Every structure is written in C-alpha cells, then in structure tokens.
Amino acid sequence: MNEVILITGRTIAQGSNLENKMSDAYIDAAARCEMNENLLTRIGASVGDAVKVSTRFGEVVVNAEKDDGLPDGHIFIPMGPWANAIVDPDTGGVGTPAFKGVPANIEKTDEAVLSVKDLIARYREG
C-alpha cells in the first residue's frame with residue numbers, strides 16, 4: 001500500500017455529464033483517479049489500470065489516469081459516487097463532507113470498477 005493524500009473536486013467532464021449518471025461518459029469522467037507518473041510507477045500501474053483507493057471511510061476501485069500537475073503523493077478523484085464512497089460522511093453541520101486532504105492508500109488491483117448501480121447497492125449493504 002502507498003500512503004497518499006486524496007483531493008476531490010469538480011471537473012468539466014464530470015459536471016457536463018451530471019444529467020446522465022448512468023452513461024459511459026459519466027463513468028469515464030468520475031470513476032478515475034489521477035496521479036503523477038512517479039506514483040503510477042511506484043504502484044506498478046499504467047493509465048487505464050484499475051486501482052483501489054482506501055480510506056478509513058471506505059474503499060473504491062477506479063481507473064488510473066496520469067496528471068503530472070499533481071504533487072507526488074497526492075491523488076485526485078472527481079466528485080461523484082466513487083469519491084463519495086471514501087470521504088468522511090460527517091459534514092460538521094455545514095452539509096458538505098470534507099473533500100480535500102483525506103489520508104488514503106492506493107494500490108493496483110485486478111478488481112473491476114463498479115457501475116453506479118452496483119456502487120450504490122454496495123453503499124446500501126453497509
């Protein structure tokens with residue numbers, strides 16, 4: 001496992017597909033984890049490989065993407081069901097979970113990226 005800092009946020013691609021969350025375009029835009037080349041190499045992954053991101057709040061499998069604009073040791077997952085699965089659900093009374101600076105672990109995996117429907121079903125199971 002590699003310790004990293006998770007940051008989430010909006011992207012143009014994720015936001016432009018909000019009205020059709022069951023589409024392949026939305027999944028491509030939101031079920032992804034961006035990291036720099038050094039981190040990709042360290043975890044033995046390539047762009048498009050499945051990676052598992054775990055925090056104390058949950059774990060999720062997403063596709064690896066390269067973004068050399070990110071500092072080493074930091075990952076970015078666009079806001080959406082996959083990011084929501086691993087951020088602190090406590091909103092501190094303000095209605096918004098902590099989407100930035102979440103300690104996480106990342107590793108390459110052979111597990112599949114879940115669809116929105118399967119991911120939500122997993123939330124409900126607890």
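The values are calculated or read from the model by the stated rules, or taken from the named source; none is laboratory data. Computed from a prediction, not measured in an experiment: that's the story for all the values here. All Cβ positions, glycine included, derive from the backbone under ideal geometry; neighbour counts span all protein chains shown. For the accessible areas, the whole protein counts, side chains as well, though only heavy atoms, and no ligand, DNA or RNA atoms are used. Shrake-Rupley method; radii C 1.70, N 1.55, O 1.52, S 1.80 Å.
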Practice prompt. Would you mind working out the magnitude of the charge dipole of segment 2-125 relative to its Cα centre, with +1 at each Lys and Arg C-beta and -1 at each Asp and Glu C-beta, to the nearest 20 Debye?
Written response: 320 debye
Response to the item:
Per the charge dipole of the chain (beta-carbon charges, Lys/Arg positive, Asp/Glu negative, Cα centre), the residue among N38, P89, M1 reaching farthest to the positive end is P89
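Rounded, prolate or oblate, given the Cα gyration tensor of segment 73-114, with a/c below 1.5 counting as rounded?
Working: a/c = 2.67, a/b = 1.76, b/c = 1.52.
Because a/c hits 1.5 or more and a/b exceeds b/c, segment 73-114 counts as prolate.
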Practice prompt. Let me have the relative contact order for the chain, percent, based on Cα pairs under 8 Å that are six or more residues apart.
Written response: 36 percent
Practice prompt. Determine the gain in length on full extension of the stretch E3-A112; use 0.36 nm per residue of separation and subtract their C-alpha separation, reporting nm with one decimal.
Written response: 37.1 nm
Discussion item. Give me, ordered by chain and number, the residues 5 or more places off V4 or on other chains with an amide H under 5 Å from its own placed amide H.
Written reply: A104, N105, I106
Worksheet item: Counting only heavy atoms of protein chains, what accessible area per residue, in Å², does segment 2-125 have with a probe of 1.4 Å?
Response: 52 Å²
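Rounded to a whole number, what % of the accessible area of the chain do carbon and sulfur atoms account for, probe 1.4 Å?
48 percent
Residues with beta-carbon under 13 Å from that of T109, excluding T109: net charge, scoring Lys, Arg +1 and Asp, Glu -1? Numbers along the way, then the final one.
Working: positive: K52, K108; negative: D49, E59, E107, D110, E111.
Local charge sum for T109: -3.
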Worksheet item: What number comes out for the charge environment of L70, summing +1 per Lys or Arg and -1 per Asp or Glu over other residues with Cβ under 14 Å away?
Response: -2
Worksheet item: Residue by residue, what Karplus-based ³J(HN,Hα) values in Hz, rounded to whole numbers, does segment 74-91 have, using 6.51, -1.76 and 1.60 with θ = phi - 60° and x for Gly and Pro?
Response: 10, 10, 10, 10, x, 4, x, x, 6, 5, 4, 5, 10, 9, 5, x, 6, 8
Discussion item. If you consider only alpha-carbon coordinates, what radius of gyration and Dmax does the chain have, in Å?
Written reply: 13.6, 40
Worksheet, complete the sentence: Dividing the helical contributions, -39500 (n - 2.57) per DSSP H run of n ≥ 4, by the residues of the chain yields a 222 nm value, nearest 500 deg cm²/dmol, of -6000 deg cm²/dmol
Worksheet entry | Karplus-derived 3J(HN,Hα), 6.51/-1.76/1.60, for each residue of segment 25-39, Hz, glycine and proline x | 5, 5, 4, 4, 7, 10, 8, 9, 10, 8, 7, 7, 4, 4, 5
Worksheet item: What are the ³J(HN,Hα) values, in whole Hz, obtained from phi via the Karplus relation 6.51 cos²θ - 1.76 cosθ + 1.60 with θ = phi - 60°, for each residue of segment 97-114 in sequence order, with x given for Gly and Pro?
Response: x, 6, 9, 10, x, 8, x, 8, 10, 9, 8, 5, 9, 9, 5, 8, 6, 6
